[in-house]
Structures are given as structure tokens and as C-alpha cells.
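Notes for the one structure printed next.
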Amino acid sequence: MGRGKITNEVQKKLSGYYASNLKAHAPDTVKMKNGVYASLFHMVSTDADPHHKYCPQGKTPWCFFQRARANHQRARKHVPTMKREVAEKLLPLYERLTSPDLLLRCARMKTQNQNKCFNAQVWRRIPKTDPTSLNTVKCGVSLALLEFNLGPVGFTKVLGDLGVAPGHHQRKQINNATQKRLKHAQDSMSHKAVKKRKLKKMNKAQQDDAELAQEGVLYKAGAF
């Protein structure tokens, strides 16, 4: 525990930097790899041994060292996040995480979130805790697929194909549901919401570190 070690907070930072660099530089796998290494080397840099060759250059990058150099200023004192010997233990892992084959698969920026959202649509209609028939499962999956692909208007389009016109209350409900989903999506991507989620994760990591320091390891595979 303590400064220079791999705490939960540092783990959150490393995973966040890894994901953000892939998103920022895709589909260029070389830039993706350099960006990932930049975040690692930046975190171990010291005044006596700086490592910023992979950090973005220019007058306004996130790297304070490169920013100061571009503006012909003196860089502030380094405050390394982890010790060099700790980072060296991570290098084999980073080599695997930046392998060309893996980065090529990540270059399209596809995620599992869509699958998770679809599963949620299915379980909302067919709870996993309730036994049900095959026909009910087929119906629930079909309705979930409609809403997942077309939104709340999907069911209305099916009714239209069957020659059934939606009523006033149904159209009003569909419009309200659509506007609610759009507002929720916009709010979740706002700067305030993103900052709030990051702060929540950071506070959770700090809390986990404090509990681990106070209580010690309470669970570990094969430890007991």
C-alpha cells in the first residue's frame, strides 16, 4: 500500500487511460500503442529520469512536460504515480495489451454494451427468476429486438404492417418514451455526468484502498 504501489485508485487510472487512448487514436494501431505506453511512462517519470517521448507534443497537450517544453517554460516538479520497479512488472502485460492482433480487433471500437442493453430488454420482459414457456420466450425476445433496433416505435410499425392503426394514447405514450430515452442519452454524455461517474469511481477506489489498509486481505483465491 502507499504511494508508488498498484492501489485500486492507480488501477482505475491505468484502465481508464488505456481505454481513452484506444478511443482517441483508433483506427491507427501505431498511435494507439504509443498512446498506451505514453500513459504508463508518464506515470513513472521523475525529475532525474523523465520518460515523455511517447507523450503528445505541442503547446496544449495533457502532458505538462511536453507543454512546458513547447512554451519554452520550466516544467513543474514530477510527482510519479508509481515506482519504476512496479512499472517494469507491468511491461509484459502492456506488451500483450498492445499486440498488433489485439489492437486491430479494437480498432473498430465495438463494445459489448449493446449486447448488455439487449439482454436487459429481454430480462425486463422475461425475468430469469420466473419459469416460462417457449412461446413466451419467443414473444419476449421479439419485442425486445423490436425496441432495441427501432426504439419505442418498433411495435407501432409492426401493428401498421398488420393493418392496425395506433390510438391517440398509444402514440402519446410512444412519443413520451422516445423523448425520455433521448434526454437520458444526452444527459449521460454531458461533461457533468461523465465527470460525476469518474469521480464516483475514484472515490470507490480510494475507499477500497482504505478498507484494505485497515482490514487487510479478506478474500483471495486459494489463500484460505
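Bear in mind these aren't lab numbers, they're just calculated from the coordinates by the rules spelled out. Not measured: the values here are computed from a predicted model. Neighbour counts run over all protein chains shown; Cβ positions are idealised from the backbone, glycine included.
For the stretch 8-110, what percent of Cα pairs sit more than 23 Å apart?
Every Cα pair in the stretch 8-110 considered, those over 23 Å come to 28 percent.
Check the straight Cα-Cα distances from Lys195 and name the lysines below 20 Å, setting aside those fewer than 8 residues away within the same chain.
Output for Lys195: Lys12, Lys13, Lys23, Lys183, Lys204.
I want to verify the translational diffusion coefficient of the chain in µm²/s; compute it with Stokes-Einstein, Rh as the Kirkwood radius over Cα pairs, at 4 °C and 1.567 mPa s.
Rounded to a whole number, D works out at 58 µm²/s.
If you look at just the Cα atoms of the stretch 167-217, how large are its Rg and its Dmax in Å?
Calculated on Cα positions, Rg and Dmax stand at 19.8, 62 Å.
Using a 4.7 Å cut-off between beta carbons, which cysteines in the chain end up with no partner cysteine at all?
Cysteines of the chain left without a disulfide-compatible partner: Cys106, Cys117, Cys139.
Among Met82, Met189, which comes first, second and so on when ranked by fewest other beta-carbon atoms within 10 Å? Each step should come with its number before you reach the end.
Details: Met82 20, Met189 9.
So the residues, fewest neighbours to most, are Met189, Met82.
To the nearest 10 degrees, how steep is helix 84-97 against the longest Cα principal axis of the chain, on a 0 to 90 scale?
With rounding to tens, the tilt is 40 degrees.
Determine the gain in length on full extension of the stretch Leu91-Val194; use 0.36 nm per residue of separation and subtract their C-alpha separation, reporting nm with one decimal.
34.1 nm
Pick out which of Asn71, Asn175, Asn135 has the largest mean-square fluctuation in a Gaussian network model of the chain, springs linking Cα atoms closer than 10 Å.
Comparing Asn71, Asn175, Asn135 in the GNM, the peak value goes to Asn135.
Using the basic label-point model (7 angstrom from Cα toward the beta carbon), what is the Val79 to Val137 distance in nanometres?
With each label placed 7 Å out from Cα toward Cβ, I get 5.5 nm.
Using the eigenvalues of the Cα gyration tensor, what equivalent ellipsoid semi-axes result for the stretch 81-193 when each is taken as the square root of five times the eigenvalue, whole Å, largest first? Intermediate values should be presented prior to the final figure.
On the way: eigenvalues 361, 79, 41 Å².
Semi-axes (√(5λ), whole Å): 43, 20, 14.
Determine which aspartates and glutamates satisfy two conditions relative to Lys33: a Cα distance under 16 Å, and not lying fewer than 8 residues away in the same chain.
Straight-line reach from Lys33, under 16 Å: Glu95, Asp101.
Using Cα pairs under 8 angstrom and six or more residues apart, how large is the relative contact order of the stretch 8-110, in percent?
28 percent
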